[in-house]
1. What is the number of the single condition among (1) exposed (fewer than 13 other Cβ atoms within 10 Å of the Cβ); (2) of a type outside the set (Asp, Glu); (3) touching a Leu at 6+ places or on another chain (Cβ under 8 Å) that B:Ser4 does not meet?
2. A:Asn108: in contact (Cβ under 8 Å) with a residue 60 or more places away in the chain and either part of a loop (DSSP other than H, G, I, E, B) or outside the structural domain of A:Asp167 (by TED's automatic domain parsing) (or both), yes or no?
3. Taking strands (runs of 3 or more DSSP E) that fall entirely within the stretch A:34-99, which contain at least 3 residues that are hydroxyl-bearing (Ser, Thr, Tyr) and out of contact with any helix residue (DSSP H, G or I) (no Cβ under 8 Å at 6 or more places or on another chain)?
4. Looking at A:Phe54, A:Phe49, A:Phe89, A:Phe9, which is the one that is among the aromatic types (Phe, Trp, Tyr), assigned by TED's automatic domain parsing to the domain that holds A:Gly170 and out of contact with any Phe, Trp or Tyr (no Cβ under 8 Å at 6 or more places or on another chain)?
5. Can you name every residue in the stretch B:149-183 that is polar (S, T, N, Q), more than 9 Å from chain A (Cβ to nearest Cβ) and part of a helix (DSSP H, G or I)?
6. Cβ-Cβ under 6 Å, sequence separation 6+ or interchain: first residue in the stretch B:227-247 and more than 9 Å from chain A (Cβ to nearest Cβ), partner assigned to a helix (DSSP H, G or I) and aliphatic (A, V, I, L, M). Which pairs?
7. If I ask for residues that are of a type in the set (Phe, Trp, Tyr) and under 17 Å from the mean Cα position of the chain (by Cα), which ones from the stretch B:97-126 would you list?
8. Is the stretch B:184-199 home to any residue that is more than 8 Å from every other protein chain (Cβ to nearest Cβ), without any contact (Cβ under 8 Å) to a residue 60 or more places away in the chain and within 19 Å of the chain's Cα centre (by Cα)?
Amino acid sequence: MDGGSTWNFTYNALGHRVQWAYSGAADQHLFDPEGTWLGNAGSYSLVTFGGRYFALYLGGNTLFNHVNALNSASMRTLQSGAEAEDILFYPWGDVWAVQGSGGYNFANIPYRDVTTTTDITTARFSSPNFGRWFSPDPIGKKAVKLDDPQTWNMYAYVRNNPTTLTDPTGLQNDASPDKTCSETDASCSQGVVPSAESPSKVGPGQNLPQGTTSNAAVAPAAVTLVGTVEKAVPSILAELPLAIAGGAVVGAAAALITNLTDTLVENYEGSEQLSAIESVVAVENVQKLSLAESNETAGGGPGAKKDNTLQGKIDRLKGLGDYNKGQSKKGGYRVGTGKSEQAVDHALDKIKSLADVEKAAEE
Amino acid sequence: MSTSEEQAERAEQDRNFEEAFNLWRRLALQSPDEITFCRAGRAAQKAGRWMDAEEMFEEALRIHPMSPEVIVCVGSLFLNRPDGEPAANLLRAKQSFLRALKLDRTSASLILLGCTYRELKDPASAKEAFNEALLLEPSNEEAYLNLALLSEDHDRSEARGLYEKAIEIDPNYAEAHQLMGVLLHKEGLLVEAEYHFRRCLEINPEDYMSHLYLANTLAVQGRFEEAEEVYRAAIALPQADAAGFEFFAQFLEDISRKEDANKIRAAKPTQAG
């Protein structure tokens, strides 16, 4: 690569690229136990602050990072305040114009390997040229939601919305209720993070080494691409009857399968890249929903809403609402009065304090 | 502040309301004043000792019958107590708030009055009270939240706007996030609902109801593994009760995991709530 020269990369057990060897020379990069990138041994080191790379010590200089709304390093300045580097990116991260030299750090992604024009995270690599990841989401089929077509392509970078969202870790939703996702907007359920919100440990571009992700232990993607839609769709239909109790596809589940099949054929006709995993996920979700439906037909769970939609089978919103109302009466306060009740307590506190002061003055 | 008062304050902060009540009552009996009786009454109310609370507030009123603070406390007690005749309690609460407002018009009293009207199924008067609270205090997020609750039945988009306004004023207003989440879930906007439930949990990671709402929203989206994880987190909370276990068991049953559902039912706490 790179005009005929060959680079050899060495990775540690956590997937960090710790050595870059070329033409008889090698760069070694250091990471702390949490996977935070610390710098290039003997060349430069990084200063982290508030979970972000804040500055870089290089050749007796300190370079400060200035980021734009996407957390791309748009400028670096020296300790003197002089501008060292000024960068403009295209929407997908390709460099439009650059003044000075140093490196590129697009959208909070730890660093860019300019040798291969690749943005590198521990979880996977992305290409600013192609505007997509090189591998599917490592979380696998969990990333795909049937009702959200944007999730069906697991190679897509930030739901194809790179001017608003960032994904500095390369990870999609990891299903934990307390992850950064929860701080974000609706798109977050697919694991991408709106700009300037991500607390991930990320670094300045530097053409150079590896930064880190918030989850260094993510396994590499393991997805096998098999066949085309024409192969995948029959496989859905073939597997379903085996999975559904009683062997019958009932009601809404059947309609869902029809819709799904149509959508897949319509959107991916001719594509050789539809991964089998999408089909498998579809099958699994339909299986689950169908099982729920069969179960409901046979009596269902107590308290389940008795409507005919698949969602309705397991929705307990009303039951929860009634329960919540009961809870408010048992202890605590009525809905919508918490702050006013606090104000009542504060008023009592205030009067008590004033009385204490008056009493002390009298004494 | 005396040592006993400090102890009582600390007990309240630790949510040990029984002890706080006993300490405040002792203090009030030693040196009677209306505010100390009120503090005792509030602690009793929080401990669910309704009769004791009423007794303390009556003592306070005996000392200072025209204190708006004491009268509001009486109103709050009757608005919240579950014992006795509900309609009679609410009428007593209404009278108290109206009386307190004659002496001192505060946004808190107006909101409590508005909530009383809402419970008395008088939405027009409730709306009037909340709007007056907003006139007194234009950035009162609780007034917006209550107006949203009133709008929910007939105009969900207006309700949504009002919840958004409340959240805009206080982005960490957990109750508004939770109610917004419920509204969005009703409208089928599950991803948006999920966001608000997750915000609730960020604000208060131990909020039991938000766990249950979030788990339900995830289940409806077909994200069963995530839903299960959240249900498990919910039943691990100290305030988890039999109802939460039952919701979880029902979910497991619906995804054809009867054995797991039975295990969860077997682990139910014996006393609810």
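The values are calculated or read from the model by the stated rules, or taken from the named source; none is laboratory data. Predicted model, so just to flag it, every value in this text is computed and none were measured. Counting neighbours? That spans all protein chains shown, and the Cβs are built from the backbone with ideal geometry, glycine included.
1. Tallying (1) exposed (fewer than 13 other Cβ atoms within 10 Å of the Cβ); (2) of a type outside the set (Asp, Glu); (3) touching a Leu at 6+ places or on another chain (Cβ under 8 Å), B:Ser4 fails exactly one: (1).
2. Considered against the rule, which asks whether it is in contact (Cβ under 8 Å) with a residue 60 or more places away in the chain and either part of a loop (DSSP other than H, G, I, E, B) or outside the structural domain of A:Asp167 (by TED's automatic domain parsing) (or both), A:Asn108 comes out as yes.
3. Working: elements: A:37-40, A:44-49, A:52-58, A:61-67, A:73-77, A:83-89.
Hits in the stretch A:34-99: A:44-49.
4. Values: A:Phe54 fails: out of contact with any Phe, Trp or Tyr (no Cβ under 8 Å at 6 or more places or on another chain); A:Phe89 fails: out of contact with any Phe, Trp or Tyr (no Cβ under 8 Å at 6 or more places or on another chain); A:Phe9 fails: out of contact with any Phe, Trp or Tyr (no Cβ under 8 Å at 6 or more places or on another chain).
That would be A:Phe49, the only listed residue that is among the aromatic types (Phe, Trp, Tyr), assigned by TED's automatic domain parsing to the domain that holds A:Gly170 and out of contact with any Phe, Trp or Tyr (no Cβ under 8 Å at 6 or more places or on another chain).
5. Step one: filter the stretch B:149-183 for residues polar (S, T, N, Q), giving B:151, B:157, B:172, B:178.
Within this subset, residues satisfying the condition of being more than 9 Å from chain A (Cβ to nearest Cβ) are B:151, B:157, B:172.
Those that are polar (S, T, N, Q), more than 9 Å from chain A (Cβ to nearest Cβ) and part of a helix (DSSP H, G or I): B:Ser151, B:Ser157.
6. B:Tyr231/B:Ala215; B:Ala234/B:Leu212; B:Phe245/B:Ile235; B:Phe245/B:Ile264
7. Result: B:Tyr117, single match.
8. Yes, the conditions are met somewhere in the stretch B:184-199.
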